[in-house]
Amino acid sequence: MQWIIDNSEILKIAIALIGLFSIPFALSQLIANKRSHLFAVYTNTMDRLDRQEVREARHFVYSLVNERENIDLRETLYKEQQWTAYSVEEIKGDPVSVQKCWVNRQRSELICRTFDQLGLLIRSGRVPLNLIAHFYTYPVLNCWYNLAPYIYAVRETRGQPGHMWEFENLVCKILIPGLESKCGVWEDVLDHDVNLHSVYPKIKKEWVRGPKDSKFNPGQNLWIVDRWTLLFRKLKKNGYKS
C-alpha cells in the first residue's frame, strides 16, 4: 500500500513538473501568435493603403495644394469640376472634360473612402494606433485638409452632416489630440515630421466652423501595442527608477 501511495505521489509531482515546464512553452506560443497576428494586421493595412490606385489618388489629392508653386485648388477645383454630382450624367460639359472631372472626383472619393474605413478600424481597435501614428499621420492629415472643402460641400448638398464621419473623427478626435499630447505612442512624432506643424493647426481652425454631426458619439476603443512599455519609458524619462 505504501508503495502505491508513493507512486501516486510521484505521479502527482511528475504531472506538476510537466505543467510547470509547459507554462514557458505556452507563453512563447502565445507571444509568437500575437506577433504573427500583429504582422498580418500591419501588412494587410499597408497593402490596402499603399496599393497603386490609392497611391495615385493620394498624390492627386496632394497636388491640390502646393505652397511652393503658390497653388491652392482645394476651394475651387471641386466646384469647377462638379464633384458634388451624384453621377457622371449630371456633370455638364463636353465628353472629354466630363470624363476628366469624373476621374478626378473618383480619385478624391477613393481617398475619402479609404481613410473613412481606416478611421473605423482605428476607432474600433482593429488596427493599432501605432501604425498610423508612426507611418501615416501626415498623409491622413494632408488629405483631410485638401479635401475638407469638398467633404463639407457634399454634407451641405446632400443634407448629410455625418458624411465621412470616421475620416473626420480620425483626424480631429484621434490624430490631432494625440499629436498635441506628445505622450505614449505620440512621443516625438510631432518633432519627427516638421510638415505636421503647418497642417494640423489649419485643420483645427477650419473644423470649428465646418458642418458636422456633433451628436454622433459612438466611443473609441483604441488598440495601442506595447502600452505598458510606452508608460514605463515615460516614467523613466520623468525620473522614475526601477
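Read-outs throughout are calculated quantities, based only on the coordinates presented, and are distinct from any laboratory measurement. Quick caveat: nothing in here was measured; it's all calculated off a predicted structure. Virtual Cβ from ideal backbone geometry, glycine too; neighbours counted across all protein chains shown.
Once the C-beta distance of Asp213 and Ala40 is scaled by a Förster radius of 22 Å, the resulting FRET efficiency is 0.10 to the nearest 0.05. The simple Förster model, with R0 at 30 Å and r as the Cβ-Cβ distance, assigns His197 and Leu222 a FRET efficiency of 0.80. Value of Rg to Rh for the range 40-234, rounded to two decimals, is 0.98; Kirkwood radius and Rg both from alpha-carbon coordinates. If the segment from Lys205 to Ile15 were pulled out straight at 0.36 nm per residue, it would be longer than the present Cα-Cα gap by 61.8 nm. In a reduced charge model with +1 at each Lys and Arg Cβ and -1 at each Asp and Glu Cβ, the range 40-234 shows a dipole moment near 480 debye about its Cα centre. Would you tally the net charge around Trp165, using a Cβ to Cβ cut-off of less than 9 Å, leaving Trp165 out, and scoring K and R as +1, D and E as -1? Neighbourhood net charge equals -3. Taking 29 Å as the cut-off for C-alpha to C-alpha distance, list the pairs among Lys182/Lys205; Lys34/Lys212; Lys12/Lys34; Lys79/Lys204; Lys34/Lys215 that go past it. Too far apart for the 29 Å limit: Lys34/Lys212; Lys12/Lys34; Lys34/Lys215.
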